[in-house]
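Input: a single structure, listed below in structure tokens.
The values are calculated or read from the model by the stated rules, or taken from the named source; none is laboratory data. Since we're looking at a predicted model, the values are computed, not measured. Please note: Cβ atoms are built from the backbone with ideal geometry, for glycine as well, and neighbour counts cover all protein chains shown.
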């Protein structure tokens, strides 16, 4: 069996806010599902830190009985040494696309668990594509 091209070294949630809103929401809490991704060089060659933020607000200011949430998860990923030595940019591209997708899966699971214990139907973050990140620069984005 071959090792995958990247490994998740560690991950952690740096922000978790989930609010069940029974009343009108403020204007700042009206927004569609939003994501923000930042990349940072790791401590070792072939390592990268990925920070994914996911926010969801109400659809309108008059919405009631909704969840408003903001989740931030960070993960440290390590690219396969042979792949990184041969093609560092391809290795980083795997981390940017697949690593971010792995973090989204963890955020999706946490939001589903938390909202399933609330007063309204559970919310599941939909599948998202991060393919547009494949060629993004290494620096913080």
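So the values come out like this:
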read-out	value
Any hit, segment 70-89, residues being at pLDDT 95 or above, farther than 16 Å from residue 40 by Cβ, surrounded by fewer than 21 Cβ atoms within 10 Å (Cβ to Cβ) and in contact with a strand residue (DSSP E or B) (Cβ under 6 Å, 6 or more places away or on another chain)	yes
Criterion: farther than 17 Å from residue 11 by Cβ and modelled with pLDDT of 95 or more - qualifying residue of 121, 126	126
Residue list for segment 1-23, filter: surrounded by 12 or more Cβ atoms within 10 Å (Cβ to Cβ), over 14 Å from the mean Cα position of the chain (by Cα) and under 23 Å from residue 69 (Cα atoms)	18, 19, 20, 21
Which listed residue, of 115, 100, is surrounded by 18 or more Cβ atoms within 10 Å (Cβ to Cβ), within 20 Å of residue 19 (Cβ to Cβ) and modelled with pLDDT of 95 or more	115
Selection from segment 24-46 of residues that are modelled with pLDDT under 95 and surrounded by 15 or more Cβ atoms within 10 Å (Cβ to Cβ)	25, 29, 30, 42, 46
Hits in segment 22-53 (condition: in a strand (DSSP E or B), touching a helix residue (DSSP H, G or I) at 6+ places or on another chain (Cβ under 6 Å) and either free of Cβ contacts under 8 Å to residues at least 60 places away in the same chain or farther than 16 Å from residue 133 by Cα (or both))	50, 52
